[in-house]
1. Mind checking which pairs have a first residue in the stretch 17-38 that is on the phi < 0 side of the Ramachandran plot and a second that is surrounded by 15 or more Cβ atoms within 10 Å (Cβ to Cβ) and not in a helix (DSSP H, G or I), Cβ under 8 Å, 6 or more apart or different chains?
2. State the number of residues belonging to the stretch 11-49 that are under 12 Å from the mean Cα position of the chain (by Cα) and either open to solvent by 100 Å² or more (accessible area, probe 1.4 Å) or β-branched (Val, Ile, Thr) (or both).
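The values are calculated or read from the model by the stated rules, or taken from the named source; none is laboratory data. Note that this is a predicted model, so its numbers are computed, not measured. Here the Cβ is made from the backbone with ideal geometry for all residues, glycine too, and neighbour counts use every protein chain on show. All accessible areas refer to the heavy atoms of the entire protein, side chains included, with ligands and DNA or RNA removed. Shrake-Rupley method; radii C 1.70, N 1.55, O 1.52, S 1.80 Å.
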Amino acid sequence: MIRPGFLSFEDRRELEACVRRHRVDHAVARRANALLLLDDGKSCAQIAE
C-alpha cells in the first residue's frame, strides 16, 4: 500500500506545475496527477476510476 504524504514539498510543487502547464504532454500530466492523488491518500483503484 502506498502511504499518503510520500512526496516532498518540492516534488509536489513540481508535479502540480506539470499538471497545470498546457504545453505538457497529456500523458505526462495524467501521471503527475495520479502521483498527487496517491500522495493525498487516494487508492490506486480510486484513481483508476
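1. From the stretch 17-38, the pairs are Leu35/Leu7; Leu36/Leu7.
2. The qualifying residues number 8.
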